Amino acid sequence: MAWAVRGVQGKILSALRLLKGLLTFEGGPEYIQWKIERHSGVRVTPSPWQRRHPLLAAPVLAWQLYRRGGFR
């Protein structure tokens with residue numbers, strides 16, 4: 001049971017780490033896109049609006065990545 005909880009904690013921490021990278025780096029959306037593509041092989045190209053407003057677009061892009069198998 002403890003390992004299952006730890007697995008959920010790890011996924012949450014990974015998502016928070018990606019969000020921090022999105023906000024910290026200049027070109028954050030491209031960095032996150034590259035990172036996810038490198039690990040999962042799934043590529044989603046954000047629109048210009050999504051690039052300008054990464055926080056507002058994050059749930060939509062996350063859903064697209066999830067549907068294509070970008071998350072485990």
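Of all residues in region 1-60, those being over 14 Å from ARG72 (Cβ atoms), among the hydroxyl-bearing types (Ser, Thr, Tyr) and touching a residue at least 24 places away in the same chain (Cβ under 8 Å) number 0. Can we say GLN9 is of a type in the set (S, T, N, Q), more than 12 Å from the chain's Cα centre (by Cα), assigned to a helix (DSSP H, G or I) and surrounded by fewer than 16 Cβ atoms within 10 Å (Cβ to Cβ)? Considered against the rule, which asks whether it is of a type in the set (S, T, N, Q), more than 12 Å from the chain's Cα centre (by Cα), assigned to a helix (DSSP H, G or I) and surrounded by fewer than 16 Cβ atoms within 10 Å (Cβ to Cβ), GLN9 comes out as yes. Here's a check for you: in region 43-64, which residue that is in contact with a Phe, Trp or Tyr (Cβ under 9 Å, 6 or more places away or on another chain) and crowded, with 16+ Cβ neighbours inside 10 Å is nearest to ARG17 (Cα to Cα)? The qualifying residue nearest to ARG17 (Cα to Cα) is ALA62.
Every read-out reported here was derived from the displayed coordinates using simple, explicitly stated rules and does not represent laboratory data. Quick caveat, the model's predicted, so the values are computed rather than measured. Methodologically, a virtual Cβ is constructed for each residue, glycine included, from the backbone with ideal geometry; neighbour enumeration extends over all protein chains shown.
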